[in-house]
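Quick notes on the structure that follows.
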Amino acid sequence: MNMLLTVRTALKNILGNRLRSGLTILGLVIGIASVILLVGLANGATQSINEEISSVGADLVSVYIYDSEHALTYEDLAPINKLEKVSGVTSYVSLDGSVTVGGKKVSGTELIGGGESYAGMMGYDIKFGRDLSRIDVENFTKCVMIGEKISTKYWNNANPCGKTLKINGDEYTVVGVIEGTGSSMGSNVDNLVILPVTTARYLNAESGITAFYIRAETEDDAEAVAKTVKKYLNKTHKLSSDYCDVTTQKMMIEAVNEINRTMTLLFGGIASISLLVGGIGVMNVMLVSVTERTREIGIRKSLGAKKRDILWQFLVESVVLSLLGGTIGILAGLLFGRIAILAGAFFAPGIGMIALSFAVSVFVGLVFGSLPAYRAAKMKPVEALRYE
């Protein structure tokens, strides 16, 4: 059997019924495109989050206290800084406030309170000035560090250290500018305004500390430090896992990847429904094609065509039909993914997913084309020639 001739014949039959073929592969197009788009978006979001988490270093340990009644004080952090394999500790609190420069409101700012060396602990590079110091924190100093975007917009990228801005009407002195790096750990670094965590009380923030970060001496020490800190908090402050969470960057990445796997399975299951519908459509149109070409089958058999020749003819036609739907679906999925990127989303389909989509297309064609091909192959030449 000439496979190339069989494929050409299959394409001719498909193109001979363009409308019917187009409607048949539509389900496959929707299913494949959905898989490519949804899984690509899930993978893209996961990669983005993992990059953000990794950007601050694998030696960072995060501590979050759920209940404000069990919040720590700034003084409680000093003993933690002396624990084995701990190289630094800094606190964090999210704040609300209106920031103005020269009477103009600064929009889009993210206002936070940080402990000493907050920028260094979070892996931020300092373009101008300095980091927050212990003196700033202990003396409730009204000073701030700002993101590079704010510096560029209001001071034309000149060194603004020593200049002032206002938060809720109170004047704060700029002591440092953080170099722009985009987003990190959920914060837009370019628009950050950081003041000492103790000074945050002037903005009616809670005086207790419910979130802080710890740097291990090395990346390999992070797991050990997390266990040590968890044990210390439980023993000293009665903070069990019911009240606080101690996580390493590795733990966060593993949690994100687990969520991604779950979402991928969910999206894949949803898209599989469309593929099932598309497969049923392929089988239906092939059954109709077998019925319409009954006399043709009879003539071919009477001229010496064997069962396997007829079987392969319709099976190849089914696979070609499915491959067309799969190819168009992949291109549509990548196109919509590109549109999603332009809209600001993250999209990473992966070569493996594209290859799997091709494989699924072949599988659908083989499975759902088997019954029509078998029916055509087992027809008796005399009965087929009599069919009208």
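Bear in mind that the values in this text are calculations on the coordinates, not laboratory data. All values derive from a computational prediction rather than experimental measurement. Don't worry about glycine lacking a Cβ; one is built from the backbone with ideal geometry, like all the others, and counts go over all protein chains shown.
Data overview
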| read-out | value |
| --- | --- |
| Residue among Thr236, Gly269, Asn257 farthest towards the positive dipole end of the stretch 210-269, charges placed on Cβ | Thr236 |
| Ordering of 154-164, 119-129, 33-43 by burial proxy (mean other Cβ atoms within 10 Å per residue, highest first) | 33-43, 119-129, 154-164 |
| For the stretch 68-166, size of Cβ-based charge dipole, Lys and Arg +1, Asp and Glu -1, in debye | 660 |
| Listed pairs Lys127/Lys166; Lys82/Lys127; Lys104/Lys142; Lys104/Lys149; Lys142/Lys231 exceeding 25 Å between Cα atoms | Lys82/Lys127; Lys142/Lys231 |
| Cβ-derived FRET efficiency at R0 41 Å, Lys227 paired with Asp170, nearest 0.05 | 0.50 |
| Charge-dipole axis of the stretch 56-208 as Lys and Arg at +1 and Asp and Glu at -1 on Cβ define it, positive-most pick from Tyr124, Gly162, Thr141 | Gly162 |
